[in-house]
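Any read-out appearing in this document is the output of simple, stated calculations on the displayed coordinates, not a laboratory observation. This structure is a prediction, so every number in the text was calculated from the model and none was measured. Using ideal geometry, Cβ is built from the backbone for each residue, glycine included, and neighbour counts are taken over all protein chains shown.
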Amino acid sequence: MSRYATALTIAGSDSSGGAGIQADLKTMSALGVYGMTAITAVTVQNTLGVTAIQGINPDIVAAQIDAVYTDIRPDAVKIGMLFSQEIVEAVALALARNHASNIVLDPVMISTSGSKLISDEAIFAVKSMLLPMSAIVTPNVAEAIELTGCRSADEQIFALRQAGANGILLKGGDDLSGDPSQSTDILSVTTDDIPVKLTTGRIATYNTHGTGCTLSSAIASYLALGHPMKRAVIEAKDYITKALSAGADVSIGHGHGPVNHLFAPVPLSIIESPI
């Protein structure tokens, strides 16, 4: 019997369509993966910033996850903005009881425009409950500092390992302290490997809204398609680089515009599944 490759995004809704579940679904669709959602919060935002957030009842968040798993089991999961400690706990318990795998944790705490998107109380729950069950965690510079209290990449990787992390991708695309023409991420897939630098040319554009959401959902998509972790990360980085380039000169909104998720969409991937 054949079926589509599937992925679930657990994240907040972006009313402007450039980040959150909207970006996740666009990314999954563009890469040929059937996307599903469990919405954790509704944000009032546009390209200029976030002005309000309302969290979804944690029981409803968990029920969305259960509903998906009891009918269409995801091949991978992307976790984005979770908003509150109660939602973090509900998500962790739901994923555990459904034996979720290929979890990509994007610890969304601060938006591109600098708005805080998660309560302080939720950070400990993310570290203690979600970090150990995730296949990879993808913090940006500010989030890595928030999670670890450390500033160097080596110290951050060590601290995340101590907290139970498996794969780690330290995103450096927003760190302007180095070469302004380059964007470098640091990937550590296992506890025994030597971290590798993944460097691409930096795209000159103001349209960076939702880049973190897009990258993490691309990783989840490639995992859903059966790619090993390192390859999934490399291909996801290539995808976001091309999406940034394709949307670099297009004006949408008056702030940080979105990337072009659909620069080269492919049909839904059909895979063989045991009956």
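Taking Leu262 and the conditions (1) closer than 18 Å to Ala23 by Cα; (2) buried (at least 22 other Cβ atoms within 10 Å of the Cβ), which numbered condition does it fall short on, given that it satisfies the others?
Of the numbered conditions (1) closer than 18 Å to Ala23 by Cα; (2) buried (at least 22 other Cβ atoms within 10 Å of the Cβ), the odd one out for Leu262 is (2).
Looking at this structure, is Thr184 surrounded by fewer than 19 Cβ atoms within 10 Å (Cβ to Cβ) and under 28 Å from Leu25 (Cα atoms)? Walk me through how you get there before you give the answer.
Numbers: surrounded by fewer than 19 Cβ atoms within 10 Å (Cβ to Cβ): yes; under 28 Å from Leu25 (Cα atoms): yes.
When the stated conditions are applied, Thr184 passes them.
Report every pair of residues separated by at least 6 positions or lying on different chains whose Cβ atoms are under 7 Å apart, first residue within the range 155-172 and among the polar types (S, T, N, Q), second in a strand (DSSP E or B).
Cβ pairs passing all conditions: Gln156/Leu170; Asn166/Ile136.
Which one of these does Glu235 not meet: (1) in a helix (DSSP H, G or I); (2) surrounded by fewer than 16 Cβ atoms within 10 Å (Cβ to Cβ)?
So the condition that Glu235 fails would be (2).
If you take the residues in the range 1-54 that are in contact with a Leu (Cβ under 7 Å, 6 or more places away or on another chain) and in a helix (DSSP H, G or I), which one is nearest to Pro107 (Cα to Cα)?
Lys26
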